[in-house]
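Undergrad: This structure is in structure tokens; I'll ask about it shortly.
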Amino acid sequence: MRTIAVVNQKGGCGKTTVSINLASCLAQEGKKTLLVDIDPQGHCAVGLAVPEEQTEQSIYDALISVGRKELFNFSEILWEISDNFELAPASIDLAAFDQQTNGITDRENCLGTLLKTSAGKYDYVVIDCPPAVGLLTFNALRAATDVIVPVETGYFSLHGLSKQLETLNILCKQCSQDINVMVLASMYDIRTKMGREILAELKKHFSDKMFKTVVNFNTKLKEAASLGQPIGEYDPASKGHKDFLALAQELIATDTQVESEAISVARKKLAITPIGPASEQIADRHDQIKDLNKSIESMSSSAQELLAGINATSDSIEIVPEAQPEQPLVLQELALDEKLNDFYGVRQFGPGTRFITLYPRANSVQIAGDFNNWQPEKTVMTNADGTGKWILDLDLAPGKYRYRMVVDGQWQQDPYNENSEMNPYGEYNSILEVK
Ligand SMILES: Nc1ncnc2c1ncn2[C@@H]1O[C@H](COP(=O)(O)OP(=O)(O)OP(=O)(O)O)[C@@H](O)[C@H]1O
Ligand SMILES: [Mg+2]
């Protein structure tokens, strides 16, 4: 059984889209596949039309039972999506998993222990992780044989990448098992020069640590999710489906495991099969297992080189100076002749502080920080020209501030400010200093 964690602390980079459609295409290729959602947002269930009101128990209940060493019917929470394809849905209770397991030893192994009980049942387990590095993601890493890091082919996703890989490295130093980590280029838009340049650089730097398959930007993927269907059901002829089939096949080609029998057929809740204490079965390891720490370290330095290369060579990509991690961004005065179009991020602007960010598909963008008691509704950004460039001016006294962007209700790090620090929830706050 291969257990694939789809990890990136950056929100909205395509983790759930990859998880759902990779799992579905693996199943289509005859592999028994379990999709496990450990993101409290529960997007896998939404994207597969599993009704929230009928999911009485979720992966949260299973994990808590394992932590408390209570018997639990894992099958009870599983939903059959199609042939070979089951889902263990998440629920909002997962947000409290950290507090609820406080004091439980081995709480980072709850998912691994749970999955071992199913080791003979599936060929693949795909885990959709939350956009944060915390106990839940750590559980996924402890259970994983493989990690997929989806990376949008945009400049600023690369900026986050080296930090992301460093963080993964820190976490994985605490994991004893070997994991194969691969970067997956996602949301690739071949029509943009930047997209093409970034993809070429990614391939150059990550070479054998990157999937040959690239997931293109394809609106059919978005439509499929909004209708609760995997892409293969919604539009089998689409480019999105071809990409995910190719990804599944690329993955399977590295798999030595014998294909096992298909299971059930209709989309219905599965029969309850009680499970006992953790099975002694040990998950099979595929033949390409590599040492995680070494691979992440080399990927992380590759990401930094990659950025340096792009900074030095490309004039079509905005240059943002690298800053030391954990340091606040000391605001620069915005020169009078500097066009606003020339930067995204945060700058001193006359007596005020100007935030500019780009979210072309967002309906609302707000900022929450220690300057407004973390109340996003008090500092709403404006998409004045309708192009998706969101702007907000604040009058901040000199000092150091922490903040996060709230994009369509989802809290995330400022993608244009590399200066950040981990908050108590395992997520990153952006930091800036007004002089
Ligand atoms: N290849 C793609 N082509 C077009 N749209 C995509 C693609 N991948 C993802 N999207 C869209 O981008 C948005 C974010 O994707 P998704 O929810 O998969 O990201 P995520 O990393 O899981 O987000 P979060 O961090 O909040 O969990 C969704 O609206 C999704 O439909
Ligand atoms: Mg998601």
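The values are calculated or read from the model by the stated rules, or taken from the named source; none is laboratory data. This one's a predicted model, so the numbers in the text were calculated from it and none came from an experiment. Every residue, glycine as well, gets a Cβ built from its backbone with ideal geometry; the counts of neighbours run over all protein chains shown.
Undergrad: Kindly provide the set of residues from segment 21-54 that are over 27 Å from D178 (Cβ atoms), within 13 Å of ligand 2 (Cβ to nearest atom) and among the β-branched types (V, I, T), ordered by number.
TA: The one that is over 27 Å from D178 (Cβ atoms), within 13 Å of ligand 2 (Cβ to nearest atom) and among the β-branched types (V, I, T): V46.
Undergrad: Further question on the same structure: Report the residue count in segment 2-12 for those that are farther than 12 Å from T137 by Cβ and more than 9 Å from ligand 2 (Cβ to nearest atom).
TA: Number satisfying all stated conditions: 4.
Undergrad: Of all the strands (runs of 3 or more DSSP E) wholly in segment 354-435, which have at least 2 residues that are touching a residue at least 60 places away in the same chain (Cβ under 8 Å)? Walk me through how you get there before you give the answer.
TA: Numbers: elements: 365-369, 389-394, 399-407, 410-412, 420-422, 428-434.
Result: 399-407, 410-412, 420-422, 428-434.
Undergrad: Which one is farthest from ligand 1 (Cβ to nearest atom) among residues in segment 30-42 that are modelled with pLDDT of 95 or more and touching a strand residue (DSSP E or B) at 6+ places or on another chain (Cβ under 8 Å)? Quick ask: steps written out before the conclusion?
TA: Taking segment 30-42 and keeping what is modelled with pLDDT of 95 or more, we get 30-38.
So of that shortlist, the ones also touching a strand residue (DSSP E or B) at 6+ places or on another chain (Cβ under 8 Å) come out as 31-38.
Details: K31: 21, K32: 23, T33: 18, L34: 18, L35: 13, V36: 14, D37: 10, I38: 11 Å.
The extreme case among them is K32.
Undergrad: Looking at (1) exposed (fewer than 13 other Cβ atoms within 10 Å of the Cβ); (2) touching a Ser or Thr at 6+ places or on another chain (Cβ under 7 Å); (3) among the hydrophobic types (A, V, I, L, M, F, W, C), which one does I391 not meet, given that it meets all the others?
TA: Tallying (1) exposed (fewer than 13 other Cβ atoms within 10 Å of the Cβ); (2) touching a Ser or Thr at 6+ places or on another chain (Cβ under 7 Å); (3) among the hydrophobic types (A, V, I, L, M, F, W, C), I391 fails exactly one: (1).
Undergrad: Also: Among the listed residues K222, K203, which satisfies the condition of being within 16 Å of ligand 2 (Cβ to nearest atom), in the same structural domain as V18 (by TED's automatic domain parsing) and in a helix (DSSP H, G or I)? Before you say what the answer is, go through the steps one by one.
TA: Details: K203 fails: within 16 Å of ligand 2 (Cβ to nearest atom).
Among K222, K203, only K222 is within 16 Å of ligand 2 (Cβ to nearest atom), in the same structural domain as V18 (by TED's automatic domain parsing) and in a helix (DSSP H, G or I).
Undergrad: Looking at segment 80-99, I want the residues that are at positive phi and have a partner that is assigned to a loop (DSSP other than H, G, I, E, B) and modelled with pLDDT of 95 or more with Cβ atoms under 8 Å, at least 6 apart or on another chain. Which pairs are those?
TA: Filtered contacts from segment 80-99: N84/G30; N84/K31; N84/K32.
Undergrad: For M194, state whether it is assigned by TED's automatic domain parsing to the domain that holds V7 and modelled with pLDDT of 85 or more.
TA: On the way: assigned by TED's automatic domain parsing to the domain that holds V7: yes; modelled with pLDDT of 85 or more: no.
No: the conditions fail for M194.
Undergrad: What pairs come up if the first residue lies in segment 12-29 and is in the same structural domain as S238 (by TED's automatic domain parsing) and of a type in the set (D, E), the second is more than 8 Å from ligand 2 (Cβ to nearest atom) and at pLDDT below 95, and their beta carbons are under 9 Å apart, counting only those six or more places apart or on different chains?
TA: From segment 12-29, the pairs are E29/E259.
Undergrad: So, one more: Could you please tell me which pairs satisfy a Cβ distance under 8 Å, a separation of 6+ or placement on different chains, a first residue in segment 48-60 that is under 26 Å from R107 (Cβ atoms), and a second residue that is surrounded by 15 or more Cβ atoms within 10 Å (Cβ to Cβ) and among the charged types (D, E, K, R)?
TA: As it stands, the answer is Q57/E76; S58/D93; I59/D37; Y60/D93, since those pairs meet every condition given.
Undergrad: Kindly indicate which of A90, A62, A95, A27 is in contact with a strand residue (DSSP E or B) (Cβ under 9 Å, 6 or more places away or on another chain) and within 16 Å of ligand 1 (Cβ to nearest atom). Please lay out each step first, then the result.
TA: Working: A62 fails: within 16 Å of ligand 1 (Cβ to nearest atom); A95 fails: in contact with a strand residue (DSSP E or B) (Cβ under 9 Å, 6 or more places away or on another chain); A27 fails: within 16 Å of ligand 1 (Cβ to nearest atom).
The unique qualifying residue is A90.
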